[in-house]
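Heads up: the structure comes next, in structure tokens.
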Amino acid sequence: MFDPSLTRGEKISVSLTFIVTGLVLLFLITPILAIIPLSFTADSILSYPIENWSLRWYRVLIENPVWAGVTRNSLIIAFAATICATILGTLASIGLNSRYCPKPGVITAFLLTPMIVPVIITGVASYFFYSKFGLTNSYAGMIIAHTILGIPFVVITVSATLQGFDMNQQRAAYSLGARPFYAFRTVIMPQISPGVISGALFAFVTSFDEVIVALFIAGTEQYTLPRQMFSGIRENLDPTIAAVATVMIVVSLTVLALAQYVSARAEAKRSS
Amino acid sequence: MTSDQNFLEFINIQKTYDGENLVIKELNLSIARGEFVTLLGPSGSGKSTALMLLAGFEPPTSGTIRLNGATLNSVAPYDRNIGMVFQNYALFPHMTVLENIAYPLRVRKVGKAEAAERAQKALDMVQLGQFGDRYPKQLSGGQQQRIAVARALVFDPALVLMDEPLGALDKKLREEMQVEIKHLHENLGLTVVFVTHDQDEALTMSDRIAVFNDGRIQQIDKPITLYEKPANQFVAEFIGETNMLEGTVAASDAQTTRIQLACGASVQATTVEPIATGARARLSVRPERMTINPSSDGGNLLPASLVETIYHGANAMMVFRLPSGETLTAQLRAGNPFLDMTPGTAANLTFNLMDARSFACA
Amino acid sequence: MASEQVVSTPMPHAESKPGRNLKQELRRAGRRHQRSTLLLILPVFALVFAFFALPIAGLLTGAVNSPEYQQNFPRSAAIIEQEGGFNEAFYAALYADIRAADEARAVGKVGRRLNQDTAGFSTMLKKAARKSRKTVPAEGEHKAWFKSVDKRWVDARYQAALTRAAPAYTDFFLLKSLDLKRNADGDLTLVDEKKRLFVDVFLRTLTISFGVTVLCCLLGYPLAWTMVQASPKWRNVLLLGVLFPFWTSLLVRTAAWVIVLQKEGPINTLLVSSGLVDAPLTLVFNRFGVFVALTHILLPFLVLPLYSVMKTIPKDYMRAAKSLGARPVYAFFTAYFPQTLPGLSAGAILVFIMSIGYYITPALLGGPKDQMISYFIAFYTNNTINWGLASALALNLLIVTLVLYALYQRITGGNRVSLGA
């Protein structure tokens, strides 16, 4: 376990570091996991120990049309924003990584600003601006805003894969007779797809988890899951929130697993 | 006016990337059908750029490239029907070996069965018939190289380009592949333009070699001519090893040039181009054409003393110092009794008029 | 043979410098390539420009825009702009303005704007509008009429407020966002002590962010270090431990902390039942809750860049330092730690940037005294509709963020530090 050359003092400090790491990990994970059992309580208060178990809060969740509605909204908006951000972001990354692109650094920095500017500013600015064009209280407004928030992630991940991509492959495809679009489809796209997929996952999670812009520009018709949770936490923190949280934890674990799978597969392809 | 002699032509080609510096200053070159021509030169000499122009990845800044009588300038790379083997092979990592080779056939909408058959045949040709289902990453460098060759040949291109294809291989494998590519060239009657910076490779494989330097062809000739009769100092030094000695021209006519060397000796060399009397000139003699302590005085005599002897197995290099301080190497076969000379020993070095060439100092 | 001929014909520009037409040609070809490249970028660029950059620019101009008075009270505004003074002509114009605005139902807008500057204006204006419907002052009696409606109309303090509100552009909101104002003479002064707020909020935002950054560094450094030292299997476990909260919804994490830290929550249950405390502690809806939750949420943003830098540092450095005679602690701080600084500072700035702009967590987990600048931007947008002030606060926040981001770019050298996944 220890490097044999370590002194006793070092072994003690290394052990202490491991212990601290363990505690930090507990700090990172337990609060999230602690919410799960509470969703299975039969009582209506959120506290341990749980005496009676039941699925009643999940029933509330399913039967209450509000939650179904906001879930549907979240999915519609997140999927639409992900598709837009992924397509547009991928195209832009290809342009940005071309050697003919003028000032790629400046353009990239500009496209990444939605990630840097505090979301509260984006939210307020969108509220003022979108309201002039009737985009507040509309799905279109939400999708546009979330697309913009997702674009930086797609640009970052796709650019990263493109930088690792050997542009000679494109030339090789041309020399073998492939026209540009055919070469893109058969040679470039399959190889940058891990970057595109992880960019899409980031964009999806960004939209699915976004609440501040929703606070400002979504009407009740467009309330998303996080927006509804925000109200729930603020006004009436009951076990339904724990149930929703549990569902969302499962969703995020799935997305995480997907992301890990994609990067592991890309890694395996690179090194096999 | 198409002829097999002018199958491929570069006519007054110039190329600049930045609008400031010409990477290719002037290129005129004709290649015959079925010929194996190597573009040889140091990096930055313009040889790879010439290949890029030919493949269509870069447009020439001015001039015309013609293949089989047709101008190539405005033809897109994918319409040129030119096979290319890339330096790093550029095999598609997400496709199997067979898919890689079938790719140009797929592009050309060749039927599935026929494409598979032709790809397999190409794979057999490079002796990797059983590796069709592997991915490129699972193969060794030499195997990948052969796949790249098979892929560039499978669609019967009019011309095959090879951009330092053997650069990444170790010495032994490289030599094997040189022979193999040469055989493919002969057996299939391919026209090949091969780029390398390795002169041994160029000498081994080529019908003709174009030596590039500073954006121009310095000399284009058969390997033997290039070695024996270099047209200028650059070629003499770039191809093989040579001794260069400086001096002043005493007399120069169409056949011989007499040079008064810095070391004091006066020697005669074959004239490459007549040089004005009194001008600075250089004398070039290959180390293996040097003789030590001759029985008869051939006229070109250089007194020197031995500095050291370096063994290379089959032969050895003896380094001598001339009175002027210049050093001179002589290459001797192993077993030659002169190799036992101790450093410091004085010796007379001679060479034949035919083996010495004179170049004007730039 | 044509080819023979060409070989011997030298090019006009055969020497090393290309000619002018050649350069033009090259530039033209370059532009053609550039155009097709830009075509790929254009859609995203246009989208981000139109729906992100323009709105933000609009918001920021809101910090100096003050169109309400000038648009609705044009006659009196013109007199103020010409420095005509508060004479009879001014009050006559003001009366005409109020009449017109009352007809157009725009008096409320102007009142709100004036009230943001000096309280009481809204009532004064409404009263004047009401009275104006019934009485028409005689020629030359306008000033007296206003005085009779409310004598504050002729008070210098209120006249100064009108002077400030009349131009189309104002520094009023920007000054107010820094707790400054102009007095009647137009000099900068601090606002009354009771009304000072924003400098406090700013300092509070910076203090909380700084505290969170320090906490993240202290907790994240050992974690990242262990990740690098661990066997591949453990490394993956640790990495998942960091990525799991990173991918978990922000709202879920915030809800989790509310539940865990509340009076009836598991931590208090544990503390009380173990006898460590007599009564449950207040752990949430105060500064403590904000610190804990923000640290929890932002920790991955420190760990991941730090880990990606630490991963590239060979282990030989510590050994080399020791072989050169350095004791372990000295070796760590001289040979190892300085090499991790790029990762640590990149992560720390990232955490700081994100934390100064945080809204959700303080809003849900903090008390009224723990709200950060974002809260006030939202508050002035939604609750009091003081958009000028909201814009001014947003401008301040944006400037700080962009300065820090520039710093971040310098530290990472433009290379985006990997965020795992």
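The values are calculated or read from the model by the stated rules, or taken from the named source; none is laboratory data. All values reported here derive from a predicted model rather than from experimental measurement. Neighbour counts are summed over all protein chains in view; Cβ atoms, including those assigned to glycine, are modelled from backbone coordinates with ideal geometry. With ligands, DNA and RNA removed, areas are computed over all heavy atoms of the protein, side chains included. Shrake-Rupley method; radii C 1.70, N 1.55, O 1.52, S 1.80 Å.
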Can you pull out the residues in region C:110-129 that are closer than 16 Å to C:Ser76 by Cα and among the basic types (Lys, Arg)? C:Arg113
Residue match in region A:27-40 (condition: surrounded by 13 or more Cβ atoms within 10 Å (Cβ to Cβ) and more than 11 Å from chain C (Cβ to nearest Cβ)): yes
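With the condition kept exactly as written, say whether any residue in region C:213-225 is more than 13 Å from chain A (Cβ to nearest Cβ) and closer than 30 Å to C:Tyr380 by Cα.
The answer is yes; a qualifying residue exists.
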Any chance region C:188-201 includes a residue that's within 14 Å of chain A (Cβ to nearest Cβ), in a helix (DSSP H, G or I), at pLDDT 85 or above and surrounded by 13 or more Cβ atoms within 10 Å (Cβ to Cβ)? yes
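Give me a count of the residues in region A:199-220 that are of a type in the set (A, V, I, L, M, F, W, C), more than 7 Å from chain C (Cβ to nearest Cβ) and open to solvent by less than 10 Å² (accessible area, probe 1.4 Å).
If we filter region A:199-220 for residues that are of a type in the set (A, V, I, L, M, F, W, C), which is where we start, we get A:200-205, A:208, A:211-218.
With the extra rule that they be more than 7 Å from chain C (Cβ to nearest Cβ), the set shrinks to A:200-204, A:208, A:213-218.
Narrowing further to those that are open to solvent by less than 10 Å² (accessible area, probe 1.4 Å): A:203, A:213-214, A:217.
Counting residues in region A:199-220 that are of a type in the set (A, V, I, L, M, F, W, C), more than 7 Å from chain C (Cβ to nearest Cβ) and open to solvent by less than 10 Å² (accessible area, probe 1.4 Å) gives 4.
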Please enumerate the residues belonging to region A:146-186 that are more than 8 Å from every other protein chain (Cβ to nearest Cβ), free of Cβ contacts under 8 Å to residues at least 12 places away in the same chain and not in a helix (DSSP H, G or I). A:Met167
Region B:168-191: number of residues that are open to solvent by 30 Å² or more (accessible area, probe 1.4 Å), part of a loop (DSSP other than H, G, I, E, B) and under 24 Å from B:Arg106 (Cα atoms): 0
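Would you please name the residue that is nearest to the other protein chains (Cβ to nearest Cβ), looking only at residues in region B:152-167 that are more than 27 Å from B:Val110 (Cα to Cα) and in contact with a Phe, Trp or Tyr (Cβ under 8 Å, 6 or more places away or on another chain)?
At the first step, the residues of region B:152-167 found to be more than 27 Å from B:Val110 (Cα to Cα) are B:163-167.
Checking the rest, the ones that are also in contact with a Phe, Trp or Tyr (Cβ under 8 Å, 6 or more places away or on another chain) come to B:163, B:165.
Numbers: B:Asp163: 9, B:Pro165: 12 Å.
Among residues in region B:152-167 that are more than 27 Å from B:Val110 (Cα to Cα) and in contact with a Phe, Trp or Tyr (Cβ under 8 Å, 6 or more places away or on another chain), the one nearest to the other protein chains (Cβ to nearest Cβ) is B:Asp163.
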If you scan region B:82-92, which residues turn out to be within 7 Å of chain A (Cβ to nearest Cβ) and either open to solvent by 30 Å² or more (accessible area, probe 1.4 Å) or among the acidic types (Asp, Glu) (or both)? B:Asn88
Which of the following residues is open to solvent by 10 Å² or more (accessible area, probe 1.4 Å), under 21 Å from the mean Cα position of the chain (by Cα) and of a type outside the set (A, V, I, L, M): C:Phe291, C:Phe332, C:Phe337? C:Phe291
(1) crowded, with 21+ Cβ neighbours inside 10 Å; (2) more than 7 Å from chain A (Cβ to nearest Cβ): which one isn't true of C:Leu251, the others all being true? (2)
Within region A:240-255, restricting attention to residues that are hydroxyl-bearing (Ser, Thr, Tyr) and at the interface with chain C (Cβ under 10 Å from one of its Cβ atoms), which residue is most open to solvent (accessible area, probe 1.4 Å)? A:Thr254
Could you tell me whether any residue of region B:241-251 is within 27 Å of the chain's Cα centre (by Cα), without any contact (Cβ under 8 Å) to a residue 60 or more places away in the chain and crowded, with 17+ Cβ neighbours inside 10 Å? yes
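Have a look at C:Leu60, C:Leu47 and point out the one that is touching a residue at least 60 places away in the same chain (Cβ under 8 Å) and open to solvent by less than 50 Å² (accessible area, probe 1.4 Å).
Numbers: C:Leu47 fails: touching a residue at least 60 places away in the same chain (Cβ under 8 Å).
Among C:Leu60, C:Leu47, only C:Leu60 is touching a residue at least 60 places away in the same chain (Cβ under 8 Å) and open to solvent by less than 50 Å² (accessible area, probe 1.4 Å).
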Flag for B:Asn88 being part of a loop (DSSP other than H, G, I, E, B) and either closer than 13 Å to B:Ala148 by Cα or at pLDDT below 90 (or both): yes
Could you list, in sequence order, all residues of region B:54-71 that are in contact with a Ser or Thr (Cβ under 9 Å, 6 or more places away or on another chain), open to solvent by 10 Å² or more (accessible area, probe 1.4 Å) and among the hydrophobic types (A, V, I, L, M, F, W, C)? B:Phe57, B:Ala70
Taking A:Leu258, is it over 20 Å from C:Ala256 (Cβ atoms) and either open to solvent by 50 Å² or more (accessible area, probe 1.4 Å) or aromatic (Phe, Trp, Tyr) (or both)? yes
Between a residue in region B:339-361 that is within 17 Å of B:Leu301 (Cβ to Cβ) and any residue that is part of a loop (DSSP other than H, G, I, E, B) and at pLDDT 90 or above, which pairs come within a Cβ distance under 7 Å, given they are 6 or more apart or on different chains? B:Asp355/B:Arg286
Just to be sure, is B:Arg321 open to solvent by 40 Å² or more (accessible area, probe 1.4 Å) and closer than 28 Å to B:Ala251 by Cα? yes
Considering only region B:223-240, I want to know if a residue exists there that is of a type in the set (Ser, Thr, Tyr) and assigned to a loop (DSSP other than H, G, I, E, B). no
Within region A:224-231, does at least one residue satisfy the condition of being part of a loop (DSSP other than H, G, I, E, B), of a type in the set (Ser, Thr, Tyr) and in contact (Cβ under 8 Å) with a residue 40 or more places away in the chain? yes
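Pick out, from region B:94-154, the helices (runs of 4 or more DSSP H) lying fully within it that include 3 or more residues that are farther than 20 Å from B:Leu184 by Cβ.
Working: elements: B:97-107, B:112-125, B:141-153.
Those helices (runs of 4 or more DSSP H) span B:97-107, B:112-125.
Looking at A:Val196, is it at pLDDT 90 or above and either at positive phi or more than 11 Å from chain B (Cβ to nearest Cβ) (or both)? Don't jump to the end; show me each part of the working.
Values: at pLDDT 90 or above: yes; either at positive phi or more than 11 Å from chain B (Cβ to nearest Cβ) (or both): yes.
Considered against the rule, which asks whether it is at pLDDT 90 or above and either at positive phi or more than 11 Å from chain B (Cβ to nearest Cβ) (or both), A:Val196 comes out as yes.
Is it fair to say A:Leu237 is open to solvent by 20 Å² or more (accessible area, probe 1.4 Å) and at the interface with another protein chain (Cβ under 7 Å from one of its Cβ atoms)? First the steps, then the outcome.
Details: open to solvent by 20 Å² or more (accessible area, probe 1.4 Å): yes; at the interface with another protein chain (Cβ under 7 Å from one of its Cβ atoms): yes.
Here the answer is yes, as A:Leu237 does meet what is asked.
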Hey, among the residues in region A:61-82 that are of a type outside the set (S, T, N, Q) and crowded, with 16+ Cβ neighbours inside 10 Å, which one's farthest from the other protein chains (Cβ to nearest Cβ)? A:Gly69
Within region A:21-68, tally of residues that are assigned to a helix (DSSP H, G or I) and either in contact with a Leu (Cβ under 8 Å, 6 or more places away or on another chain) or not aliphatic (A, V, I, L, M) (or both): 17
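Of these, C:Val272, C:Val277, C:Val284, which one is β-branched (Val, Ile, Thr) and open to solvent by less than 20 Å² (accessible area, probe 1.4 Å)? Step through it out loud before you land on a result.
On the way: C:Val272 fails: open to solvent by less than 20 Å² (accessible area, probe 1.4 Å); C:Val277 fails: open to solvent by less than 20 Å² (accessible area, probe 1.4 Å).
C:Val284 is the lone residue from the list that is β-branched (Val, Ile, Thr) and open to solvent by less than 20 Å² (accessible area, probe 1.4 Å).
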Return yes when A:Ile143 is within 9 Å of chain C (Cβ to nearest Cβ) and crowded, with 17+ Cβ neighbours inside 10 Å and no when it is not. no
Can you tell me which of (1) at the interface with chain A (Cβ under 10 Å from one of its Cβ atoms); (2) of a type in the set (A, V, I, L, M); (3) surrounded by 22 or more Cβ atoms within 10 Å (Cβ to Cβ) is the one C:Leu302 doesn't meet? (1)
Sort through A:Tyr223, A:Tyr182 and tell me the only one that's within 30 Å of C:Tyr359 (Cβ to Cβ), surrounded by fewer than 23 Cβ atoms within 10 Å (Cβ to Cβ) and aromatic (Phe, Trp, Tyr). A:Tyr223
